[in-house]
1. Once you've got the Cα coordinates, tell me which of K31/K147; K27/K110; K117/K191; K52/K117; K14/K134 are over 32 Å apart.
2. Given a 10 angstrom Cα cut-off, can you work out which residue in T89, T206, T192 is the most mobile in a GNM of the chain?
3. Could you work out which residue, out of A156, A50, A79, moves most in a Gaussian network model of the chain, that is, has the largest mean-square fluctuation with Cα springs under 10 Å?
4. How about the stretch 23-76: which chymotrypsin sites (Phe, Trp or Tyr not before Pro) there lie in a loop by DSSP and see at most 14 other Cβ atoms within 10 Å?
5. Of all beta bridges DSSP finds with both residues in the chain, what is the antiparallel percent, to the nearest 5?
6. Under 5 Å between amide H atoms, partner at least 5 residues away or on a different chain: which partners does V60 have, H built in plane at 1.01 Å?
7. Of the GluC sites (Glu not before Pro) in the stretch 135-182, which ones lie in a loop per DSSP and count no more than 13 other C-beta atoms within 10 Å?
8. Under a 10 Å cutoff between Cα atoms, tell me which one of K147, K31, K110 has the largest fluctuation in the Gaussian network model of the chain.
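Only the coordinates and a few stated rules stand behind these numbers; no lab work does. Not measured: the values here are computed from a predicted model. All Cβ positions, glycine included, derive from the backbone under ideal geometry; neighbour counts span all protein chains shown.
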Amino acid sequence: MRRKIVAGNWKMNKNREETAQLISELKTAIKKSDAEVIIAPTFVNLAESAGKLKGSFIQVAAQNMHFAESGAYTGEISADMLKSIGVSTVILGHSERRAYFGEDDSLLAKKVDAALKAGMRIIFCFGEELEQRKSGEHFKVVESQLKNALFHLKAASWKHIVLAYEPVWAIGTGETASPEQAQEMHAFIRKTIARTYSDDIAQGVTILYGGSVKPGNAEEIFSKVDVDGGLIGGASLVAADFAAIVAAAR
Ligand SMILES: O=C[C@H](O)COP(=O)(O)O
């Protein structure tokens with residue numbers, strides 16, 4: 001049985017004070033959870049957030065990292081730096097990183113390898129754009145994103161991978177994939193992994209849905225058999241909304 005995960009990706013939101021405020025609200029609003037709960041504040045607030053959440057069941061993740069161990073990469077952050085502040089989960093491949101920072105599958109494969117080498121867990125994001133769905137290419141696109149960034153991995157590495165299917169057309173748009181569309185794609189992802197690896201690995205991997213998940217639609221989306229929780233953007237910035245989404249993940 002896969003345990004659900006609800007992860008809040010704060011993106012480039014909340015300064016230091018606001019971060020502290022939201023964390024304190026979350027601690028009050030989420031007293032218990034069947035699901036694993038993760039938040040991903042910005043880099044500058046990660047260490048302090050991890051400190052504030054010490055002893056809490058709410059965990060902290062990074063939104064990105066570089067593939068190199070160290071060196072002349074101005075403005076970048078390594079896996080070792082994250083681990084040194086107690087952060088051992090990283091989001092990779094978010095569509096905003098792909099679209100605005102030119103991250104492609106081959107760069108992401110390097111980041112995946114670096115994170116695994118450092119012993120980190122990865123929340124790996126992927127998903128098709130609107131035009132690709134309209135033209136019926138969405139399954140092909142998703143399969144190639146997985147193949148290019150992840151299918152070189154050894155079977156044993158998959159226990160460190162969480163997948164997050166995020167159709168780009170549903171991110172921050174208010175337009176959600178229907179629960180049926182999410183289920184259909186998640187089942188396809190599992191089938192693709194089973195074909196490439198094994199049924200065991202396919203059944204074991206946690207697959208989150210992301211894209212305009214809100215308190216009002218979370219329960220129905222999470223009730224689908226292959227949907228194991230969500231990666232939440234906008235609604236993770238409001239404690240009451242995030243708490244309601246966490247409560248919907250059973
Ligand atoms: O990482 C989260 C996703 O981009 C979803 O964002 P959203 O919930 O604001 O649509």
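1. Correct reply: K31/K147; K27/K110; K14/K134.
2. T192
3. Among A156, A50, A79, the largest mean-square fluctuation in the Gaussian network model of the chain belongs to A156.
4. Here the sparse-neighbourhood loop sites are F57, Y73.
5. Percent antiparallel among DSSP bridges in the chain is about 0.
6. Excluding prolines and chain starts, which carry no amide H, the hits are I39.
7. Taking the stretch 135-182 and a limit of 13 other Cβ atoms within 10 Å, the loop GluC sites (Glu not before Pro) found are E175.
8. K31
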